1. When the residues of the stretch 112-124 are filtered to those that are buried (at least 17 other Cβ atoms within 10 Å of the Cβ) and out of contact with any Lys or Arg (no Cβ under 7 Å at 6 or more places or on another chain), which remaining residue is farthest from R163 (Cα to Cα)?
2. Being among the charged types (D, E, K, R) and in a loop (DSSP other than H, G, I, E, B) is the filter; apply it to the stretch 155-191 and report the residue that is farthest from A120 (Cα to Cα).
3. Inspect the stretch 162-173 for any residue being surrounded by fewer than 18 Cβ atoms within 10 Å (Cβ to Cβ) and over 25 Å from T22 (Cβ atoms) and give the result as yes or no.
4. Of all residues in the stretch 74-105, count the ones that are farther than 18 Å from Y127 by Cα, part of a helix (DSSP H, G or I) and open to solvent by 80 Å² or more (accessible area, probe 1.4 Å).
5. Could you run through the stretch 131-154 and say how many residues are open to solvent by 80 Å² or more (accessible area, probe 1.4 Å), more than 25 Å from I82 (Cβ to Cβ) and not basic (K, R)?
Amino acid sequence: SDPMGGGGDGMGGEGLGEMDSTLASRLRMQWWRDAVAEFYENDDEENGGSSSHEPSSAGFLSQTYSASRKHNPIVRELGRAINDAALTRRFLDRMIDAREHDLDVSQYDTMRDLVQYGEATSSSFLYLSLECCNVREERADAVASRIGASMGIITALRSLVYRANFGEIAIPADVMAKYDVSAQFLLNPPDRFNGAELSP
């Protein structure tokens, strides 16, 4: 899950702090979901269509943050890209949904789960990048799919130590079982694996 989300049992000061971080992360995901929805719904309305988007459970927050979205430089550039390159909304929604789902995951069960997360996030980003370059080809998408999945695995490996600080394990459970690696080894490695031996 998102390192901001952390683990914890929700009890005590530390647990409450982690719950607050998880809530903040979920609100951020909703902020982006509403921002994306506004772009495509406004476009539908301009073309004579009607909006099918139902108010979210955080609708009051959406109204509160509406002004901040309009003045956010990243959102403005995203809107320009959506208009200029006709970006596929499905890829943006997949990225947001996957990131939000990841907040509840302390460890993926299988390598397939991790690959699917990389495909939903990194590959979707690459699909959108190709669309910005006016590249919409099946072969290019196939390459982007594999690269994105690989990026997901690399990101998991890079986050191994950081996520362990939050009681999370970046390596899927089936891989750890296959090579007989215990969770405790990753969460609290022996001193000889503290990185000192790897220093130049």
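1. S123
2. Top of the filtered list is D180.
3. No, every residue in the stretch 162-173 fails to be surrounded by fewer than 18 Cβ atoms within 10 Å (Cβ to Cβ) and over 25 Å from T22 (Cβ atoms).
4. So the count comes out to 3.
5. 1
The values are calculated or read from the model by the stated rules, or taken from the named source; none is laboratory data. In this text the structure is predicted, and so the values were computed from the model without any measurement. For neighbour counting, all protein chains shown are included, and Cβ atoms are generated from backbone atoms with ideal geometry for every residue, glycine included. In case anyone asks, the SASA skips ligands and DNA or RNA and just uses the protein heavy atoms, side chains included. Shrake-Rupley method; radii C 1.70, N 1.55, O 1.52, S 1.80 Å.
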